[in-house]
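Down below is the structure, laid out as C-alpha cells.
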Amino acid sequence: MLLLIPLLPFLGFVVNAGVGRRLSKPVSGGLACAAMVGAFLVATAATWPILFGDGAPVDQVVYQWMASGDLEIAFALRLDALATVMVLVVTGVGSLIHIYSVGYMHEETGSEYARYFSYLNLFAAFMLVLVLGANFPVLFVGWEGVGLCSYLLIGFWFQKPSAADAGKKAFVVNRIGDFGFLLGMLLIFATFGTLDIQEVASHVADRAPEATFGVLTLITLLLFLGATGKSAQIPLYVWLPDAMEGPTPVSALIHAATMVTAGVYMIGRNAVLFSHAPMTLETVAVVGAVTALMAGTIGLVQNDIKRVLAYSTVSQLGYMFLAMGAGAYAAGIFHLYTHAFFKALLFLGSGAVIHALAGEQDIRRMGGLRRELPITYWTFIAGTLAIAGVPLFSGFFSKDEILYKTWTAGFPVLWVVGAATALLTAVYMFRLVFYTFHGQPAGSGTPVSIDQGSRGPTPASGGHVPSHAAPAAGAGHLHDAPPAMAIPLIVLAIGSVVAGYVGVPHVLGGENRIERFLEPSFEAHERVTAVGEPLAAEPAETAAEAGEAAHGEASTELTLMAVSIGAAFGGIALAWFFFLKRRDVTENVARSYSGVHRLLLNKYYVDELYDATIVQPIKQTSTVALWKGVDAGGIDGLVNGAGAVVRGGGSILRRLQSGSVRVYAASLFLGVVLVLGYYLWP
Amino acid sequence: MPTLNHYLVLSAVLFSIGTAGVFLRRNLITLLLSIEIMLNAVNLTFVAVGRYLGSVDGQIIVFFVMTVAAAEAAVGLAIVIALFRHRETLNPDAFTSLRW
C-alpha cells in the first residue's frame, strides 16, 4: 500500500520518459495528472486510519536493500503522523500543480511537454520516498532524487544560459549541503550502529542531552548543514532566488511547497536527536531567524515578481527553522503545511500573471491587472492575506504559533526578529499586490527610475513566451487563467483560508489539533518506556506547573498575538501608503537612503561575496595550480618529456643509418668479431 | 698429409680475402664475388670438420649453402643490373639514398 504512493508517479515518469514524445499532449499531461491524483487517493486511503483512527504508524519493508556485516538496510517505508501531513501536502498540492501545468505549459512542443511532466512525476516520486523513508539511506535517496529533479526542472529551458546556470548553481550549492548530510549519516552509523530513524531515536533517548559540544551536536550540525542546502537557509540560500528561472509551476511545487521544506521535515523527523543537542537547536533558531529577516529585507526591493516570492519563501522557511530551533516542531510543521498552500497559490497566481502578460515578470511594468484578471487577483489576495498573517487566514495561526513558541522557549530577541519579519512580510507582499494588480495599467505608470543600477530586466528572454499573447504588457488582449489553471488557484485559495483551522490555539478556544496529532512523531518510542524513571518524573512536574502558569501564559499569548496582528495590519498599511498612495514618497526615501537601497537591491552582495571568497579562489587555484601547474606542467610534462627523450635519442642515432652498404657490412663484421672475441677470449 | 689445421687456416685465409674484398673493392660485382669466396671458405670448414669427425652432416650443410648461394647470386646480379640501369654505375658508394 505505502509503496504504491511513490510508485504511481514513478510509473508516470517511466511512461512519459519512455514513449512520451509519441503521445499527444492531452494524453501525456493527463497521464501525469492521473498518476498524481491516484497517488493522492492512495495516500488518503493510507492515511485515513492515522488521521481518524488510532493513529498507529504503518510500516512496510519493501525488500532488503543492503546487507553487509553489521549494516543491514531495508528499503523500508513508514507512515506516521508527520509523514501523513507531508504525504498529503505533497500529493495534494502536487496534484493541483500538475493540473495547473497542463494549462501553463500548453505552448511547449509535444516532446518538451512530455519531458516536463516526466520530470514532474519523477520529482513527486522521489519526494514521496523522502517523506516515507524509514531510515536514513532511503530518506537520502529521496533527498538526492529531488535535488536532481530540481536541477532538471530549473534548467528546463536549458537553451537559455541563465536557466542552465541557475540549475547548475542549485545543484552545486545543494551538493555542499548534501555532503554535510552524508557525513552526518556516517557519523550516526559510527555512533549508534544503525541507520533506522526510530532506532536512532530510541538510542538517543537513553542519553542525557548534551550540555556542551559532543557527538550528537556534531551529528545534528552536519544534518542541519544538509537542511540549509535543501531548504535555502544561510549560508546556502543563494540558489533559491536563481531557481526562479524554471517554469513557474515548478517554482510552486519544488521551490515553495515541497522540496525546500525537506530540511524542516528532516529536522522534525529527527526531533529526538535534535532535542538532545541544545547547541544545535540554538544554531538552528538563530540561523532561521536571521534568514527570515534578511530574506524579508531583500524581498522588499526586488522587482521580479517571482524573485519577491522566492525571497519570501526563504523568509518563511526561516520561520520554520526558527520554530524547529525553539523546539516547537509541531509549530514548524504546521507552518510548513499552511505555507505549502498559500505559497503554491502565490506562485501559481504569479504564473497566471506572467502567462497573461506574455512572460513579463517585472512588477514595475505591471499594474491595474485586477480588472483583467479577476480570478487571479482574488485568489492572490487570499494567499497574500494568509502569508501576511491576517487573522482568520491560515498563515496567521501557524506564524503566531511559531512566534509564541519562540517567546516561551526563551528567545525574546529572536521573537523580536520574527515579529519584525512578520511586518516586513506584510509590506513586501502587499507591495507586490499593489504594483501588480492596482494602480494604473502598465506602460503609462511609474517610469523605471532609480532602480536601474540593479540587474536589468531579465524576463521573457527566450524562455516562456506564449506566441498568442500580446507582446507587451497592457497592450492588447489580456486573458485570465484558463480553467486548468483557475481551478487549482481556487482550490488552493480555499486551502489558504481554511488550512489553519486544524491548529487553532487553545487561547482562542481551539484545540490545536495538529500539535497533538504530530506529537507522537517527535518522541522516541519503545525502549523509552522501559527506561522510565526520568521520563515519568517530568510530566507530573510540568502538569503541576501548567496549572499555575496557564493563566499567565494565556495573557502572554494574547499579547503576543496582538503584536503580530498589529504587525500584519501595520505592514499592509505601510505598503498601501508607500506603494499605492504615495509612490513618490517611496522613491524619495529610496533616493535619500540610496546606500541601503542599493545594498538590498544587490541582495547584500552575498553572491558577489561568495564569488570572491569561494568561487574565484577555487577557479584561480584550479587554473594556476591544478591546470597550468599539475596538469599542463606535471602530467603533460611527463608524457611530452618521454616523447622528447625518444626523439632526441633518435635524432642522434639515426646518423648511423648512412645508406652505405659497406658501412653496414663493416659494422656487421665488427659486431661479429666483438661477440666472438668476447666468448672465445681465453 | 694435410691435417685439419691446414684446412682451417686455408679457410680463414679465404674468408679474410673475401672480407677484404667486400670492404675494399668498389665494384658491386666484385663485391658479390667476394661474398662467394667467403661462403666457400665456410663450406671448406664444414667439409673439413665433417671429414675430421667422420660425419656427413658437414657435406649436407654445404649443399644447402651452395643452393642458397646460387639463389643469392641470381637475385644479387638481378639487383645489380637494375641498379646499373638507373645510375649507370656500379660503385656501391653511389647507392646511399636509403638513409636518414
Listed by first then second residue, the pairs whose first member lies in the stretch A:44-55 and is closer than 16 Å to A:MET1 by Cα, whose partner is among the polar types (S, T, N, Q), with beta carbons under 9 Å and at least 6 positions apart or on separate chains, are A:THR44/A:THR91; A:ALA46/A:THR84; A:THR47/A:THR84; A:ILE50/A:THR84
Selection over the stretch A:329-382 where residues are in a helix (DSSP H, G or I), farther than 18 Å from A:ALA262 by Cβ and polar (S, T, N, Q) yields a count of 3
A:GLY327 meets each of (1) out of contact with any strand residue (DSSP E or B) (no Cβ under 7 Å at 6 or more places or on another chain); (2) at negative phi with one exception, condition (2)
Requested in this report: Looking only at the stretch A:435-442, decide whether some residue is touching a Leu at 6+ places or on another chain (Cβ under 7 Å) and modelled with pLDDT under 90.
Outcome: yes
query: part of a loop (DSSP other than H, G, I, E, B) and either in contact with a Gly (Cβ under 8 Å, 6 or more places away or on another chain) or of a type in the set (A, V, I, L, M, F, W, C) (or both) - does that describe any residue in the stretch B:74-91?
result: yes
Of B:ALA74, B:ALA20, the only residue that is within 14 Å of chain A (Cβ to nearest Cβ) and at pLDDT 90 or above is B:ALA20
Filtering the stretch A:45-75 down to residues that are surrounded by 16 or more Cβ atoms within 10 Å (Cβ to Cβ) and part of a helix (DSSP H, G or I) yields A:ALA46, A:THR47, A:ILE50
In the set A:LEU574, A:LEU601, the lone residue that is crowded, with 16+ Cβ neighbours inside 10 Å, under 22 Å from A:THR436 (Cα atoms) and either among the acidic types (Asp, Glu) or in contact with a Ser or Thr (Cβ under 6 Å, 6 or more places away or on another chain) (or both) is A:LEU601
Over the stretch A:190-203, the set of residues surrounded by fewer than 17 Cβ atoms within 10 Å (Cβ to Cβ) and in contact (Cβ under 8 Å) with a residue 24 or more places away in the chain is A:THR191, A:GLY193
- Message: Would you confirm, using the coordinates I've provided, whether A:THR586 is at pLDDT below 85, away from every other protein chain (no Cβ under 14 Å) and closer than 30 Å to A:GLN302 by Cα?
- Response: yes
Scanning the stretch A:656-673 for residues that are facing another protein chain (nearest Cβ under 7 Å) and assigned to a helix (DSSP H, G or I) gives A:VAL661, A:ARG662, A:ALA665, A:ALA666, A:PHE669
If we keep only residues of the stretch A:59-80 that are under 25 Å from the mean Cα position of the chain (by Cα) and among the aliphatic types (A, V, I, L, M), then the residue farthest from A:TRP48 (Cα to Cα) is A:ALA76
If we ask which residues in the stretch A:582-635 are part of a helix (DSSP H, G or I) and in contact (Cβ under 8 Å) with a residue 60 or more places away in the chain, their number turns out to be 14
Given (1) within 30 Å of B:PHE95 (Cβ to Cβ); (2) within 14 Å of chain B (Cβ to nearest Cβ), A:LEU680 misses just (1)
So, first residue at the interface with chain A (Cβ under 7 Å from one of its Cβ atoms) and basic (Lys, Arg) in the stretch B:78-100, second residue assigned to a loop (DSSP other than H, G, I, E, B) and surrounded by 11 or more Cβ atoms within 10 Å (Cβ to Cβ), Cβ within less than 7 Å, six or more apart or across chains; the pairs are B:ARG99/A:GLN657; B:ARG99/A:SER658; B:ARG99/A:GLY659
Checklist entry - Within the stretch A:646-653, can one find any residue that is of a type in the set (S, T, N, Q), within 14 Å of another protein chain (Cβ to nearest Cβ) and in contact with a helix residue (DSSP H, G or I) (Cβ under 7 Å, 6 or more places away or on another chain)? => result no
Within the stretch B:23-31, does at least one residue satisfy the condition of being surrounded by fewer than 15 Cβ atoms within 10 Å (Cβ to Cβ), within 11 Å of another protein chain (Cβ to nearest Cβ) and in a loop (DSSP other than H, G, I, E, B)? yes
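The values are calculated or read from the model by the stated rules, or taken from the named source; none is laboratory data. Just so you know, these numbers come straight off a predicted model, no measurement behind them. Every residue, glycine as well, gets a Cβ built from its backbone with ideal geometry; the counts of neighbours run over all protein chains shown.
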